[in-house]
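The next block holds one structure in the form of structure tokens; read it before the comments.
The values are calculated or read from the model by the stated rules, or taken from the named source; none is laboratory data. Just so it is clear, the model here is predicted, and its values are computed rather than measured. Positions of Cβ are backbone-derived with ideal geometry, glycine not excepted, and every protein chain shown enters the neighbour counts.
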Ligand code: KIV
């Protein structure tokens with residue numbers, strides 16, 4: 001697993017039909033574990049607002065928080081491609097604002113950045129600055145209020161709107177895109193038509209790869225999502241371990257002679 005994942009390598013994986021495995025991580029410890037597990041693309045997602053900071057949406061997440069967690073995750077990741085999210089408000093104001101924010105994330109240690117929605121001019125300018133950029137279409141969490149909640153996007157007549165957005169992002173130079181909460185047929189059509197990589201989350205099995213939020217696959221949160229699969233119940237195991245620790249301290253079993261000087 002020593003061979004570093006690069007943007008050209010992701011393109012080769014699509015061409016060969018090798019699935020691209022992506023996961024979020026937000027710090028050095030979990031970044032290193034994901035890297036050691038062979039995850040290809042590690043995303044410092046603005047979902048850190050939900051899973052680390054307890055916000056109900058990603059909207060309050062700041063550039064300072066993204067820079068902090070990108071630098072921390074960089075310290076643990078050496079093989080995977082490290083992609084950092086541009087948070088809400090860091091690119092929507094103007095194209096130069098988007099380029100400046102992307103530059104800052106790269107200086108913090110990212111290999112590439114990701115932004116949500118239909119911003120081809122910003123994608124073009126960030127790409128022209130030498131920064132690989134990913135799009136994110138379908139349900140885009142920073143627009144949750146505009147969507148009226150966590151809803152599948154691209155049903156019926158809306159499908160062609162998302163297909164057009166995907167074409168625009170590819171033409172603007174994006175190297176890939178996340179396809180979130182959309183009908184599998186639409187994600188399949190985008191994946192087969194585009195040359196760039198598609199990474200699904202609630203986008204069905206035909207995407208070039210899949211991304212999941214770390215806390216969802218580990219069973220660290222109580223919320224269960226249809227688009228996610230829990231591969232463990234780490235939250236329950238943490239509770240059990242900490243309960244045993246508390247019991248042993250209260251019962252005078254810890255520290256024992258082996259822990260004492
Ligand atoms: O912030 C995030 O974790 C994401 C993934 C859901 C794709 O954007």
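Please determine whether any residue of region 176-191 is away from the ligand (no atom under 16 Å from the Cβ) and closer than 18 Å to residue 103 by Cα.
For region 176-191, residues away from the ligand (no atom under 16 Å from the Cβ) and closer than 18 Å to residue 103 by Cα: absent.
Before we move on, is residue 219 in the same structural domain as residue 81 (by TED's automatic domain parsing) and closer than 21 Å to residue 49 by Cβ? So that I can check it myself, show each step before the final result.
Working: in the same structural domain as residue 81 (by TED's automatic domain parsing): yes; closer than 21 Å to residue 49 by Cβ: yes.
Criteria met by residue 219.
Which of the residues belonging to region 15-34 are touching a strand residue (DSSP E or B) at 6+ places or on another chain (Cβ under 8 Å) and surrounded by fewer than 21 Cβ atoms within 10 Å (Cβ to Cβ)?
So in region 15-34, the residues touching a strand residue (DSSP E or B) at 6+ places or on another chain (Cβ under 8 Å) come out as 19-26, 31, 34.
Listed by number, the residues that qualify are 19, 21.
Within region 193-219, track down each residue that is at positive phi and without any contact (Cβ under 8 Å) to a residue 40 or more places away in the chain. Before you say what the answer is, go through the steps one by one.
Keep residues of region 193-219 that are at positive phi, which gives 202, 204, 219.
Those that are at positive phi and without any contact (Cβ under 8 Å) to a residue 40 or more places away in the chain: 204, 219.
Any idea which of 205, 238, 197, 217 is within 18 Å of residue 41 (Cβ to Cβ) and more than 16 Å from the ligand (Cβ to nearest atom)? Full working, then the answer.
Working: 238 fails: within 18 Å of residue 41 (Cβ to Cβ); 197 fails: more than 16 Å from the ligand (Cβ to nearest atom); 217 fails: more than 16 Å from the ligand (Cβ to nearest atom).
Residue meeting the stated conditions: 205.
Could you please find all residues in region 109-121 being surrounded by 20 or more Cβ atoms within 10 Å (Cβ to Cβ) and either outside the structural domain of residue 177 (by TED's automatic domain parsing) or closer than 29 Å to residue 79 by Cβ (or both)?
Taking region 109-121 first, the residues surrounded by 20 or more Cβ atoms within 10 Å (Cβ to Cβ) are 110-116, 119.
Scanning region 109-121 gives 110, 111, 112, 113, 114, 115, 116.
Which residues, taken from region 27-52, are more than 9 Å from the ligand (Cβ to nearest atom) and in contact (Cβ under 8 Å) with a residue 60 or more places away in the chain?
Residues of region 27-52 that are more than 9 Å from the ligand (Cβ to nearest atom), as a first pass: 27-42, 52.
Those that are more than 9 Å from the ligand (Cβ to nearest atom) and in contact (Cβ under 8 Å) with a residue 60 or more places away in the chain: 30, 34, 40, 41.
Quick check on region 1-18. Is at least one of its residues in contact with a helix residue (DSSP H, G or I) (Cβ under 7 Å, 6 or more places away or on another chain) and in a loop (DSSP other than H, G, I, E, B)?
The first filter runs over region 1-18 and keeps only residues in contact with a helix residue (DSSP H, G or I) (Cβ under 7 Å, 6 or more places away or on another chain), leaving none.
No, region 1-18 contains no residue that is in contact with a helix residue (DSSP H, G or I) (Cβ under 7 Å, 6 or more places away or on another chain) and in a loop (DSSP other than H, G, I, E, B).
For region 220-261, what are the residues that are without any contact (Cβ under 8 Å) to a residue 40 or more places away in the chain, surrounded by 13 or more Cβ atoms within 10 Å (Cβ to Cβ) and within 17 Å of the chain's Cα centre (by Cα)?
225, 228, 230
Mind listing whichever residues of region 58-84 are crowded, with 16+ Cβ neighbours inside 10 Å and under 11 Å from residue 142 (Cα atoms)?
Those that are crowded, with 16+ Cβ neighbours inside 10 Å and under 11 Å from residue 142 (Cα atoms): 58, 59, 61.
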